[in-house]
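The values are calculated or read from the model by the stated rules, or taken from the named source; none is laboratory data. All figures in this text were calculated on a predicted structure; none of them were measured in a lab. Here Cβ is always computed from backbone atoms with ideal geometry, including for glycine, and neighbour counts include all displayed protein chains. Only protein heavy atoms, including side chains, enter the accessible area calculation; ligands, DNA and RNA are left aside. Shrake-Rupley method; radii C 1.70, N 1.55, O 1.52, S 1.80 Å.
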Amino acid sequence: MDLHLPTPTHFPAFPYSPPYDIQTSLMRHLYQSIEDKKVTIIESPTGTGKTLSLLCAALTWLADERERAKKGKLKEVIGDDGVKAKDWVVEQTIDRMRREMEADEQEYEQRLMRARKREEAMRRAAKGRVIKRTKITQPANEEKDDDDNLRMFLPETDREPDDGAMHISPALKALMEKVDKVTKASTGPSAGEEEELTCTKIYYASRTHSQLSQVLPEMSKLKLPAKIKLTDHHTSTSLPLKRGIDSIEEQCSSGPSTRAVSLGSRRQLCINDALRASALDLDEACRERLGEKEGKRCQYLPPIGEEHRMLDFRDQILASPKDIEDLAEAGRLAHTCPYFGSRRAIPQAELVTLPYNLLLQKSAREALGIDLKNQVVLIDEAHNLIPTLLSLSTTRLSYATLLTSFQQVCVYVSKFKTRLSPTNMIHLKKLVLILDSLKKYVEEWKISKAREKDKSEIMTSGQLMERLGRRVAGINLLEIGAYLKESKVARKIAGYSDKVEESNKDGRITFTLIESPGRENTVEMRYQLLNPSPHFQEVVEEARSVVLAGGTMSPISDVINQLFSYLPSEKVTTFSCGHIIPETNLQTLVISKGPTGGELDFRADKQADPTTIGQLGQVLLNFANIIPAGMIVFFPSYKFLRTANAQWKKSTMLEKFATKKEVFFEPEESSQVEKVLQDYALAIKNPAEGKKGALLFAVIGAKLSEGLNFADDLARGVVIVGLPFANLGSPELRERMKYVKSLEEQKDGASKQKGQKDAAAELYENMCMNAVNQSIGIMEWLRFYMLVC
């Protein structure tokens, strides 16, 4: 029996018929890449229906995979000989198994249907009234004794059992758990328990929740076939499953074709308002309310013994797709924690949407119970992936934080030395030695650098350990980091950040002397990850297929070199398509001189020149006079934009802009972005008399350069002012360029053809052009593009 899935020639689930050729090509490429268990990089510009195409191809493959799994079960039971025999016994066996599988599916879908009805009943009951929120209070006269207060600060392994609890050794506890598993395996789940359903799923990740919020509405447009027809027990008629997420009321007797769950942080999903308002560390405060004692357990967690309430809420989550805001609202209606409810829904979900950080960090995946084995990982807006991977292991430590950490660890060890186990004491004493040695070295380094011109120094972690002296010789930082994570003791020591030291090869430590006029100079230490590949390698090795999709992934070779250099070339595929609009609809210009013939030089040392800024203003004014509707101008930095704005106010150029278009500036505060965008769109839709739309000044790589879609009249022209090259004076950038160049030399040797760029120069140029491409890529139906440089 051939169980390989052939690539479809068309996709009936796609909502618009017929799709554009590039959409069909993208879907066929993605489907085949998932089926062949490959890594693929897909580039599809904004406005080409990328998200819809990705979902259609991936979910079509998932539906076909479900059917293949059913056939696989039949083949596993009856074997190849039975398939060939085709006698009446085999046919009856196949028929019986099919009926059983259909019955199981129908029972499951009916359970989700009941969950939809429960949610709709709760919504009807809540209409017209405010949902009550129970406040967490503690009697004023109730005080914990000192022993109880101290116990909560001990590492998990050193906590004594609560009064009335039986003390069980770890060995005996492990044996009891083993016996319990064997008992459950032989007798099946007991009352109140159920066998956890798991399935193949797609993990759909993007950088922000605002980007992820677009996924479920796009999924609702797909015409995916229903898994099974539900039979109403009262009428014995088949009820076809409806598609979409227009309203839960419409879905009460039907449901979407794909079970989906959105994952978020406690900060986004916690509905315990009293806890949110009082807790400095919401994560730790939440963990402290997971206990079994009455009064200590969060009111939104079902009491011990009432696990069915959480399972009911899990079904409610899966019954109809919900984004983060919908999850929080559903949790309030059900009086059940949406953070833990969404975690319980992961095994049975077929589509899991989550932000980058929850997917890329191993500790976050383990905490959520995410198992990527043989699953599909689809990363959208993947042009941000490499910077995100590098930033996840990059951290800063000021001297003040180092000093506070050292003092608090010393106090902690002194306070609990009689209650800590020998193992914990050994690790904590090593930590004290490292912090003390680092503190002394920083003080010495600060004095030595005060007399030098260069205020920074870069070293490897191995070199730093040598400089810390003989006291820390032989101490393994990775071992200390692992201890801090496993024991969770760092959470008990306020002010100390748990950061695992990376390897000597792929990381660098930078010491910088920060001089502040009128204040004492201080030292900042920064750990910088140089190689993004190792962290992502775990995801690639576990998943069935990994998809990196974005509107601007070029140069794709750079992505492959930085993330997948260890994979054989046949394991990695790529797909890149142009826009669906014809080239004749787009005009591009590069302008290097102003109206009077002066050179337009926007290098950092020239950005305050009044003549240059005046020439730029005249160029923009001329184009504002001919470009209809919306026009967006991107500057390389907020500083340059502020300088130009101030100069134009003095020269009345800003007033001239305002006679042509309404003028808006990107705000530096995130809370103001939505208001500016609304006003900008309104000025284009309803222009004031004598004006031709609106003019928006923005910054490359900031709030308006990605994750937004300026469609149609919102951006009929885009101007990029200068090229946003990074500061070559940055020690961190120089070290990264040095690192990629050394890797290239190790791989290809030192030989280079004349005029050929080395890896460092390519990295520097690519960083700039990626930012430019992303700013251009947010425009869906661009008519005009100009680069002023």
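What the table below lists for this structure:
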item: Of all residues in segment 303-320 being open to solvent by 10 Å² or more (accessible area, probe 1.4 Å) and part of a loop (DSSP other than H, G, I, E, B), the one that is nearest to Ser257 (Cα to Cα); result: Glu306
item: Subset of segment 588-621 (residues that are without any contact (Cβ under 8 Å) to a residue 12 or more places away in the chain and part of a helix (DSSP H, G or I)); result: Asp605, Lys606
item: Residue list for segment 443-482, filter: open to solvent by 50 Å² or more (accessible area, probe 1.4 Å), touching a Leu at 6+ places or on another chain (Cβ under 9 Å) and among the small types (Gly, Ala, Ser); result: Ala450
item: Breaking point among (1) outside any helix (DSSP H, G or I); (2) over 25 Å from Glu43 (Cα atoms); (3) modelled with pLDDT of 85 or more, for Phe725; result: (2)
item: All positions within segment 602-621 that are open to solvent by less than 30 Å² (accessible area, probe 1.4 Å) and more than 18 Å from Ser651 (Cα to Cα); result: Phe602
item: Residue match in segment 571-584 (condition: part of a strand (DSSP E or B), more than 30 Å from Leu389 (Cα to Cα) and either open to solvent by 80 Å² or more (accessible area, probe 1.4 Å) or touching a helix residue (DSSP H, G or I) at 6+ places or on another chain (Cβ under 8 Å) (or both)); result: no
item: Among the candidates Leu368, Leu354, residue that is modelled with pLDDT under 90 and either open to solvent by 20 Å² or more (accessible area, probe 1.4 Å) or closer than 28 Å to Phe536 by Cβ (or both); result: Leu368
item: Residue, farthest from Glu366 (Cα to Cα), within segment 257-278, restricted to residues that are open to solvent by less than 20 Å² (accessible area, probe 1.4 Å) and hydrophobic (A, V, I, L, M, F, W, C); result: Leu275
item: Boolean, Leu723 is open to solvent by less than 20 Å² (accessible area, probe 1.4 Å) and within 26 Å of Phe602 (Cα to Cα); result: no
item: Those residues of segment 341-351 which are part of a helix (DSSP H, G or I), surrounded by fewer than 22 Cβ atoms within 10 Å (Cβ to Cβ) and either among the aromatic types (Phe, Trp, Tyr) or touching a strand residue (DSSP E or B) at 6+ places or on another chain (Cβ under 8 Å) (or both), in sequence order; result: none
item: Tally, over segment 379-394, of residues that are farther than 17 Å from Thr574 by Cα and open to solvent by 40 Å² or more (accessible area, probe 1.4 Å); result: 3
item: Selection from segment 24-37 of residues that are touching a helix residue (DSSP H, G or I) at 6+ places or on another chain (Cβ under 8 Å) and open to solvent by less than 20 Å² (accessible area, probe 1.4 Å); result: Leu26, Met27, Leu30, Tyr31, Ile34, Glu35
item: Complete set of residues in segment 685-716 that are of a type in the set (A, V, I, L, M) and more than 19 Å from Ser775 (Cβ to Cβ); result: Ala688
item: Answer residue from segment 684-738, given it is of a type in the set (Asp, Glu) and under 25 Å from the mean Cα position of the chain (by Cα) and is farthest from Leu654 (Cα to Cα) among those; result: Glu732
item: Per-region count, segment 14-50, residues within 16 Å of Glu65 (Cβ to Cβ) and either over 27 Å from the mean Cα position of the chain (by Cα) or in a helix (DSSP H, G or I) (or both); result: 7
item: Number of the exception - Arg508 against (1) open to solvent by 20 Å² or more (accessible area, probe 1.4 Å); (2) modelled with pLDDT of 85 or more; (3) out of contact with any strand residue (DSSP E or B) (no Cβ under 7 Å at 6 or more places or on another chain); result: (3)
item: Check on Pro19, open to solvent by 30 Å² or more (accessible area, probe 1.4 Å), within 16 Å of Thr60 (Cβ to Cβ) and not hydrophobic (A, V, I, L, M, F, W, C); result: yes
item: Scan of segment 587-601 for residues that are in contact with a strand residue (DSSP E or B) (Cβ under 7 Å, 6 or more places away or on another chain) and surrounded by 14 or more Cβ atoms within 10 Å (Cβ to Cβ), ordered by number; result: Ile591, Leu600
item: Boolean, Thr336 is among the hydroxyl-bearing types (Ser, Thr, Tyr) and not in a helix (DSSP H, G or I); result: yes
item: Cβ pairs under 7 Å, 6+ apart, first in segment 82-95 and closer than 17 Å to Gly72 by Cα, second modelled with pLDDT under 70 and part of a loop (DSSP other than H, G, I, E, B); result: Val83/Met1
item: Test for Arg419: is it of a type in the set (Lys, Arg) and either assigned to a helix (DSSP H, G or I) or within 33 Å of the chain's Cα centre (by Cα) (or both); result: no
item: Number of the exception - Leu403 against (1) part of a helix (DSSP H, G or I); (2) within 20 Å of Arg207 (Cα to Cα); result: (2)
